[in-house]
1. Going by a ≥ b ≥ c, the root eigenvalues of the Cα gyration tensor, does region 116-159 fall in the rounded group (a/c under 1.5), the prolate group (a/b larger than b/c) or the oblate group?
2. Only counting other Cβ atoms within 10 Å, I'd like Val125, Val130 sorted with the fewest neighbours first.
3. For Leu44, Leu7, Leu21, Leu138, what's the fewest-to-most ordering of other Cβ within 10 Å of each Cβ?
4. Where does each of Asp41, Asp85 land when they are ranked from fewest to most other beta-carbon atoms within 10 angstrom?
Amino acid sequence: MSYVYYLKRLFHLTPKHDQSLIIRNVAYFSGSDAHTNNKLDIFLPCPNTNLSIRTADEQQATSKKQIPIIVHIHGGGWVRGNRTDEWRGGPTVGRTCAHEGFVGIVASYRLARISLISFIAWSFVFGLVVIIIGLSLLSWQFITGYVAFMTFAYAYNFLYRVRIPVNVEHVSELVINAKKKEAG
């Protein structure tokens, strides 16, 4: 847990939300192309505590009212992060939406693999560190182990095929269909 997150909780800067109103790990995509990251969390709005003051007709109209849905897709350039990461804002956005009376949906998506240029650049930087440490320790096994590991890591990255990104319209259709099934 980071210090910033701890201070936010200490000073009550994060909105409190009933954990029973959060539906976690809802799979929104299935089939042969499904990925483990194709999940979302649904933050339901807090019930209004002032319903006892209203008349029966007002309560019925309020219960039938359509509630807006806000979908938050976490940042990270399609290559890093997930929906549960406080630094990317996912849970905070979901709790805030629910606190304001909206349904907050925070989705994760399949991350793209790292590009070849980025992989080579980071391999070079870490390779220099490994060579300096290896030469200072006079350990050639350390250097050759690093080269073998990076070769394996690139092969895994290359073979781990990432198909087209998840279609956001497909996600919204699945959420609407799930709501219709629940109502019907």
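Quick note: the coordinates plus some simple rules give every number you see, no bench work behind them. Computed from a predicted structure; not experimentally measured. So basically every Cβ, Gly included, is an ideal-geometry build from the backbone, and we count neighbours across all protein chains shown.
1. Cα axes put region 116-159 in the oblate bin.
2. The order, fewest Cβ neighbours first, is Val125, Val130.
3. Least crowded to most crowded, the residues run Leu138, Leu7, Leu21, Leu44.
4. Listing Asp41, Asp85 from fewest to most nearby Cβ atoms yields Asp85, Asp41.
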